[in-house]
Every structure is written in structure tokens, then in C-alpha cells.
1. Considering the stretch 153-172 alone, what residues qualify as being over 23 Å from residue 78 (Cα atoms) and touching a residue at least 60 places away in the same chain (Cβ under 8 Å)?
2. What number of residues within the stretch 122-140 are loosely packed, with under 15 Cβ neighbours inside 10 Å and under 18 Å from the mean Cα position of the chain (by Cα)?
3. Which residue out of 107, 69, 64 is of a type in the set (Ser, Thr, Tyr) and within 15 Å of the chain's Cα centre (by Cα)?
4. Just the residues that are in a helix (DSSP H, G or I), surrounded by 22 or more Cβ atoms within 10 Å (Cβ to Cβ) and not β-branched (Val, Ile, Thr), please, taken from the stretch 141-168.
5. For residues in the stretch 169-198 being of a type in the set (Phe, Trp, Tyr) and either at pLDDT 85 or above or farther than 25 Å from residue 88 by Cβ (or both), which is surrounded by the most Cβ atoms within 10 Å (Cβ to Cβ)?
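The values are calculated or read from the model by the stated rules, or taken from the named source; none is laboratory data. The model shown is predicted, which means the values in this text are computed figures rather than measured ones. Note: ideal-geometry Cβ built from the backbone for every residue, glycine included; neighbour counts use all protein chains shown.
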Amino acid sequence: MSKLKIGLLLVFSLSLATWSWLSRGPDFTVQFERTVQSPLSIEELGKAFSDPAQWPSWHFNLVSVDSNSPIVAGSLVLLKMEPPKKEWKRFELQLRVREFEPGKKLSVEVDSETKGRLQKVLREVSWEIELLPQAQGQGTLLRGRAQAKTASPRGRLMARLAPRVVMNQVFYPDLESLADLNKRKHQKGEHDGRLLPF
């Protein structure tokens, strides 16, 4: 066997052993946090934040929102997702609202996902957004958080290799679009894609 083949075999074996080691062990919690500064006041941001009909303007890949009731703690919200120009990748996320304060805070957990792929990798996926007024009328701080537990060897591997990338993929709110009224007006559904559901 040539040295090249031996070298390739050694690299493959080491990679396989590393992947196996990273995917072992108990499931664990992965977290993500992001903050964005907006020059707009909470009052100016409030309508887009509090009205589900406007959520598609500041969520990645969101086409429409269905809710069985006004947005309150315990209500179910269905997000119909479609990556741009990829109709065959349509899927739906059903969210359960944990907490909702109009113009201030939204906290949800993912109840189900129609493709069934997300649940094979992560479980107990949740996210929240807070709008925090800044001193002396200096706009608003938007703070987003997401949390999930790994649910499989693949989930553990991905979360150990790139936890922020994984959580960014399940955090569908686009804080930059929410923070910038002009961006919301001009984007016309041109959100960048998300890799999920896996």
C-alpha cells in the first residue's frame, strides 16, 4: 500500500474517531444570544412586533402566520415557512406562546415541525425577544435568545462543532429587519435562507 493511501486511511480513521467521540455522551443544552440596536422607539417598533400579520417582514423564510386566538400565553401559532425560490422546501412550525407582552416581550417554544427533521436533531427548542428602551430616548435594544437540547448523536456532533451556527439556524426572527423600518419596507420577502429543517 502506498504512503498516500496509508495517509488518507489514517486521516479518515482519525476523523471517524473524532466524530464518534463528539457525538457520544448525554444530550445537553445549547444556547444563543444576539442583540441589535435600533434607532426607533419601542412605540415605533411595537406594531410590527405585536401584530402577527407583520411577522413575515421580520422572520426568515416566513410566508404567513395562523393563530387560533389572539397572541397570549398558551396560544398556538402556526408559521408557514418557505425558503426563497425553493417551494419544495416548504414546512410549518407550530409555536406555543410562553409569554407575550405587546411591544415588550415574546417568548415561544416549538411545539412541532411538519418535516419531522428538526425533532431528530434538537428538542425543547425555544426562543424569546425583548425590546428594551435605551436611556434618554436613544432608541431600543432588541435582545434575542434561543435554547434547545440535543436529541441524537447527530445533534450532539453539530452542537459541539458549531453551536452558534446550529442555534442561528433555529432562531427564525430577523432582529436586524425588525430594528430597521426601511429594511422591512424594501425586502419584499428576500430573506436569506435557513438550513433547517435538517
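1. Our first condition is that a residue be over 23 Å from residue 78 (Cα atoms); within the stretch 153-172, this holds for 153-165.
Of everything in the stretch 153-172, those that are over 23 Å from residue 78 (Cα atoms) and touching a residue at least 60 places away in the same chain (Cβ under 8 Å) turn out to be 153, 154, 155, 156, 157, 159, 160, 161, 163, 164.
2. 1
3. Details: 69 fails: within 15 Å of the chain's Cα centre (by Cα); 64 fails: within 15 Å of the chain's Cα centre (by Cα).
After ruling out the rest, the residue left standing is 107.
4. Scanning the stretch 141-168 gives 155, 159, 167.
5. As a first pass, look at the stretch 169-198 and keep what is of a type in the set (Phe, Trp, Tyr): 171-172, 198.
Cutting the leftovers down to either at pLDDT 85 or above or farther than 25 Å from residue 88 by Cβ (or both) gives us 171-172.
Details: 171: 24, 172: 22.
Taking the candidates together, the pick is 171.
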